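One structure is given here, and the rest of the page talks about it.
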Amino acid sequence: MSAKENSLYRVIENHPADSRVKICEDGVFQTLSSRMGTGGGNVPLLIESHPQDGRCRIVDDGQTNQPLSANMMHDPINGGLVMDAVVRRLTPLECERLQGYPDHWTDIGEWTDSKGKKHKDADSPRYKALGNSIALPFWEWMAKRMVSHLDTEQPTMASLFDGIGGFPLVYSRAGCKPIWASEIEEFPIAVTKIHFPDITA
C-alpha cells in the first residue's frame, strides 16, 4: 500500500478573525461558503497524516485524495493532534467533490464574460462559485422523484438563480431537458454555458 493510500485527513476549523485553527471537536466539516477564496483565510483546511511514519505532508494539487470522513479524527492510530503537521487549503477539486460535482466542473481555464472581457484562469472564482452552489446529492435524489411523477414523455426545466449549472445537471440526469437558465454572476454563467452549450442563458 502506498503512502497516499494509507494517509488520513483531519478537518480543521478555521477562525480567521483571531488567527486560530483547531481540529473540529464534533467531527463535522464546516459548510462551504461564498466567502471562500476571497481573502481573510476563508477557506476550509485539512491536515494530511501518514500513520506509517507519524508525519504530516501536503498533497500536490494534481493528485487524488481519498474521500473525507467525519470520523477521521477519532481513529485509534491517529487520534489527537500530530506534531510537525502542515495545514493546507482544500483544493477547488476537493470542494467540487464535497458539493457532489464531477471532477474539474469549474476548471474552465481562461474565460470571457458577457461583455467580452477576458479573465485569466484563477481559483478564487471557483471557490466562490462552489460556496454559493447547491450540494448535488440531495437535489439529485429530489429531482428523480419529482420527474417520476410527470406525465410527459420529454419534460423540460428552467433554472432560476442558476449558479454553476447544478440544477440543470441533476435534472438532466433525472430525464429532463434543460432549456433556460438565469444567473447574474459572470463566472457561473461561463461554467454553465460550457457544460450546457444549447441552453438559453
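Each reported figure results from applying straightforward, stated rules to the coordinates on display, with no laboratory input. Just so it is clear, the structure is predicted and the values come from calculations on it, not from any experiment. Neighbour counts run over all protein chains shown; Cβ positions are idealised from the backbone, glycine included.
Would you please put 164-174, 191-201 in order of how densely packed they are, using the mean number of other Cβ atoms within 10 angstrom per residue and starting with the highest?
164-174, 191-201
How much length, in nm to one decimal, is gained on full extension between Arg173 and Ala135, taken as 0.36 nm per residue of separation minus their Cα-Cα distance?
12.2 nm
Using a 10 Å cut-off around each Cβ, can you sort Thr152, Thr112 from fewest to most neighbouring Cβ atoms?
Thr152, Thr112
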